[in-house]
Amino acid sequence: MLAWALIAVPLLGGALLAVSGERADRFAAGGGVFLGVTVLALAVAAALVRPAVDAALFAGIRAGLAVDGLSALMVVTVGGATVAVLVFAAGEAELRTARFVGFVLLFAGAMLVTVTATTLAVLLMAWEVMGAMSWALIGYHWCDRASVGAAHTAFLTTRLADLGLYVAAGAALAGGVGSLALAELSDAAAPWVHVVAAGLVLGALGKSAQLPFSFWLSGAMRGPSPVSALLHSATMVAAGAYLLLRMVPLLETTGWAGPVVAWVGAATAVLLGLVAVAQTDLKQLLAASTCAQIGFMVLAAGSGGVAGGALQLVAHAATKSLLFLAAGAWLVALGTKQLGGLRGAAHRFPLVGVAFTVGAASLAGLPPLSLWVSKDAVLAAALEHGVALYVAGLAAASASAVYSAKAVWYVWRPLPADEPALEQPPTGAVSGAMRPPLVVLASLAAMLGILPLFTTGALAVVPAPAVWELVVSAALAVAAVALTWRLVVRIGSPPPLAGWLGLEHAAHTVLVRPTLALAGALARFDDHVLDRAVDAAARSTVSAARALDRRGEFSIDGAVRAVGAGSRALGRLARRPQTGQIHQYYAQAAVALAVLAVIVIVVR
Amino acid sequence: MLSLIVFLPAVLAVALLLMPGTAPRQWFVGAWIGVSLLDLALVVAVCVGLAPGGGFSFEERVPWIPSVGISYHVGVDGLSLPLVALTAVLFLACAVFALREPRRIKAYVTLFLGLQTVCLGLFVALDLILFFLFFDLSIAGWGHGEKARAAALKFFLYTFLGSLALLLGFILLYLAAEPKTFDIVELISADPLAGGGVYASLALLAIFVGLAVKTPTVPFHTWLPPAHTEASATGSAILAGVLLKMGTYGFVRIAMPILPDTWRQYALVAVIVGVVSVVYGAMVALAQTDVKRMIAYTSVNHMGYVLLGVGAAGILAGGDEQARQLATTGAVTQMVSHGLITAALFLLTGVLRDRGGTYDMGAYSGLAARTPRFAGAFAVAAFASLGLPGFSGFIAEFQILTGALPAAPVPTVLAATGILITAGLFLIALQKLFLGPLRIPDAPGTPRTFADLHASETVPIAGLLVLATVIGVLPRFLLDVIEPASRALVELVAR
């Protein structure tokens, strides 16, 4: 009952608000916060009670929801992030609509189903609904063509990756897991278990914006900042990492999946960290950072470090949503999100500035903040699978320190003398509703590092990072921050990194343009060849009918006419002997008698 | 009971023919709505009274032409009852939509009532010749009412040719049975062409071609887009929602159970035809600029999934019974789901044409500001059609893809790309029509008033979409009806 209530409240509430449209705008913000708090309360209750329910769905396939250790962390994270974002959004006039709040609640419901699902069918359903809500929220300002285009890119890219989940479901059935239960997928028969693993990995990497799918997250930044905070940092993009963390037994069974996933995660963490360093737009920097930090979670899943990955997920959710909300507050107040334009922003709005700095410090991995602890848990697990992975992880951690320091350096510069170029009209103030979430999230970002002291069982941090690992990562982070602080202005923006490795352009050239060209060619084939073939068949039937009429009928009729003509000719011939002259009649009679006599003699 | 359901609309049609054409239009449409509501209530009663398990309920049998074994035999089971309910719901929705119909109302209503009888009759028919009779009457009844001569002629001749192939197949089945009969139930239990062979293959080929033209599958689909473009909104809704289902229903009622050995032999052909229809239909839809033609090609795509499902149900190697049952249940669910969602889409395009005068997507832009309800309904219908979970389309497509993959892995993976292509094409359509700056096609003279949905349009469209959502969120009430029958069908195919 608790589990059903947990998902029904946000889904039904969100659907009601979304369908009501403008009529419900007046109570949208308040209603949204109320529902969000309810969801958070239900989530905390579920995390304590640990309910499990299931219901029939298809033949042999059931729909199940259950809250275990990992899911408990996730539902509380989702609930908390949703409340924070809804409170923040109540402070921005454009977002106080039933449409926005409804979609956010629908998304929250779908995310809750995703993290509590026990069967692949339910997971897939919620996964896709999340993608649709992401489309609706990125394209919230639907008058802006660029936002809508970015929403399409995000939806279609994740849908392409989701094909992996569909294939995995079929392969699981083929491999003998008739119930599609997530816990039983590693029991599937070979070779189907490899298809299942490949499908799940594809789906997870796409949703989490790992390489090579990272480009969609860049465009998703065109959505409102609360959307970026909720979907594209804390929850939806982390869903892929969550799936991989839950499927660690499956990854280990297949043998190849764990290392592949770990290396993709590590590569994403390093490369997207460098991309973040090269950005000049704060939201783009945070987006690239999100890909990189999720790379750590994916690395943890590939290395079997479930606890480290889960911890990273929670810490990152608090940290990154804080950073995005702060960026959103500055965007609304100052009208820009370019780093150059945000010079002195922390001086003008100190509360936001301090909160942002705390978040950035956590992101950099400075001790004793939350992301330092979680990153070390992840790296400890990675070290078990090879020094190369560990070194890559350290490199990525250094990059995160660099870009965090870069962002903080800009906002604490002295106030600029001239007005920067603005992207939207500034309001000049940070509204009251925006402040509490920032404070709460900043405290969480700082303090969540103590969480490992409380997690036990499946979520106990094993292998625990050794003291030297902690010291090394702390020293690296401090050194990187110090170096960046001195040399920020010398960090350039090389085009490949600034352009997110050119992946979107590559996807367009390799996938989108050929598909559209093929579609046009097939449409022309359909109109000019297939359709004309049918019309040609009809026309040829008509012309065959005419030919038959002209020639066939004519010939048959001609045969009949020939009979008639022949009869007339014979008749004319028969008239020839009738001359009326007796001597000729005598001659004819004599000839006839002679012929008769010959016949009589021959026949005898 | 079933005969009452089937012939009630025809009786009303005859009664309305006696009324003068100048009578108030609301009487005609009101009578149609009343009879449709009554029919729907009777269908619900049949649903409640349906016998559990795989057999037929509410059977009625009256000898008709005994010397050739033709009888008036009707009955429902879990495969046909959802389609009967779909027909009743769709005609009711069209009746409400027709409240704003501007044309000659008497001919319009009586023709649709006749078509309603024919559609209901086909889904309950349990005799091959009775099936064929309703099949052909649907062609005549639909094609006659439209003004566009060329499209109507093409539709009529093409589908009529297909129905002749179907008749040839039926006659081959009749001649093979011992004793000779056209009765479907007797033919299923007799299994006259067990063991396959050339004769059985020819029979299946004839039946397959006949049904493939109606479904329609590639390459017999070219009659569908012109038929849709020239039809009215309600005409298109019925064509896509009900008439196309006659083809796919024929596969599960006639081809699969009566010719199981031959079906198993050629099941891969059905799978490949299905996959080609899925991908080809989606790709050609992607390239369309006319919104009705685009939705017509997505119908080809959706019907391809049905063929994939019924084909996979015939491939015994590789999959177990659960997979084949999922594929069959998914195929029947897809028939119902596609009927609801595509009918809603065609009613919406009818609204578009009524306000703006054209189906060309390039002529519109930014309508979401002017007509938010219309935009919202179209967005919901578009997402339902592309297979988003929460709507019936996903329930159907997930079952088909999951059930078909064990039997035919590579074709199913190719078919899965169809859901990506349909997502792309619907997003492009939504962007072209509703997002961006406002633009409406120029009207001659004064600027057009582009009004939002009226009540008589909102009720049917919202009703269909709500039904699709209910099936998507709580599918068990529909699947509980279909699953016993699909299990029985899978066993029949495997014998």
Handout entry: Nearest 10 degrees, 0 to 90: helix B:25-48 Cα axis against chain B principal axis
Key = 40
Exercise for the section: Give me the angle, in degrees from 0 to 90, between the Cα long axis of helix B:455-473 and the longest principal axis of the Cα atoms of chain B, rounded to the nearest 10. Expected result: 40
Practice task
Treating the angle as unsigned and between 0 and 90°, give the value, to the nearest 10°, between the Cα long axis of helix A:531-547 and the longest Cα principal axis of chain A.
Solution key: 10
Exercise for the section: Could you please state how large a percent of the accessible area of the protein assembly as shown is carbon and sulfur, counting protein chains only and using a 1.4 Å probe? Expected result: 70
Handout entry: Accessible area that becomes buried as B packs against A, both chains, 1.4 Å probe, Å², nearest 100
Key = 4300
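Within 10 Å of each Cβ of B:415-424, how many other protein chain Cβ atoms are there on average? Don't skip to the answer; put the middle values down first.
Details: counts 1, 6, 3, 1, 6, 9, 3, 1, 10, 9.
If you average over the peptide's residues, the count of other-chain Cβ atoms is 5.
Once you have the Cα-Cα distance between A:PHE525 and A:MET447, take 0.36 nm times their residue separation minus that, and quote the gain in nm to one decimal.
Details: separation 78, 0.36 × 78 = 28.08 nm, distance 6.36 nm.
Contour length minus Cα-Cα distance gives 21.7 nm.
Using 1/(1 + (r/R0)^6) with R0 = 30 angstrom and r between the beta carbons of B:VAL459 and A:ASP54, what's the FRET efficiency to the nearest 0.05?
Values: r = 37 Å, r/R0 = 1.22.
Between B:VAL459 and A:ASP54 the formula returns 0.25.
What does the highest-first list of B:124-136, A:44-56 look like by mean Cβ count within 10 Å?
On the way: B:124-136: 22.9, A:44-56: 15.1.
The packing order, highest mean first, is B:124-136, A:44-56.
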Exercise for the section: Give me the lysines in straight-line cross-link reach of B:LYS245: C-alpha distance below 16 Å, same-chain residues under 8 apart excluded. Expected result: B:LYS214
Practice task
List the residues whose amide H sits under 5 Å from the amide H of B:SER71, counting only those 5 or more places along or on another chain, with H placed 1.01 Å from N in the peptide plane.
Solution key: B:TRP64, B:ILE65
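Counting Lys +1, Arg +1, Asp -1, Glu -1, what net charge surrounds A:LEU325 among other residues with beta carbon under 15 Å of its beta carbon?
Summing Lys and Arg as +1 and Asp and Glu as -1 gives +3.
Starting from 0.36 nm per residue, how many nanometres of slack lie between A:ARG486 and A:ALA594 once their C-alpha separation is accounted for?
Working: separation 108, 0.36 × 108 = 38.88 nm, distance 14.40 nm.
Result: 24.5 nm gained on full extension.
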Practice task
Starting from the Cα of A:LYS337, draw a straight line to each of the aspartates and glutamates and keep only those under 15 Å, dropping any in the same chain fewer than 8 residues away.
Solution key: A:ASP281, A:GLU419, A:GLU423
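Determine the calculated [θ] at 222 nm for the protein assembly as shown from helices alone, applying -39500 (n - 2.57) to every DSSP H run no shorter than 4 residues and normalising by the residue count; nearest 500 deg cm²/dmol. Intermediate results must be reported in sequence, preceding the final value.
Values: 47 runs with 767 residues, N = 1099.
After summing the helix terms and dividing by the residues of the protein assembly as shown, the value is -23000 deg cm²/dmol.
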Practice task
Excluding residues fewer than 8 places away in the same chain, name every one of the lysines whose C-alpha is closer than 19 Å to that of B:LYS106.
Solution key: B:LYS147
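Is there a simple number for the mean count of other chain Cβ atoms within 10 Å of the Cβ of residues in B:323-333, and what is it? Before the final figure, lay out the partial values.
Details: counts 6, 0, 3, 7, 0, 1, 2, 2, 0, 0, 1.
Mean partner-chain Cβ count within 10 Å for B:323-333: 2.
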Fill in the blank from the handout: Scoring only Lys, Arg, Asp and Glu (+1, +1, -1, -1) among other residues with Cβ under 13 Å from the Cβ of A:SER233 yields +2
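The values are calculated or read from the model by the stated rules, or taken from the named source; none is laboratory data. Just so it is clear, the model here is predicted, and its values are computed rather than measured. With ideal geometry, Cβ positions are generated from the backbone for all residues, glycine too; neighbour counts draw on all protein chains shown. Note: areas computed on protein heavy atoms with side chains; ligands, DNA, RNA excluded. Shrake-Rupley method; radii C 1.70, N 1.55, O 1.52, S 1.80 Å.
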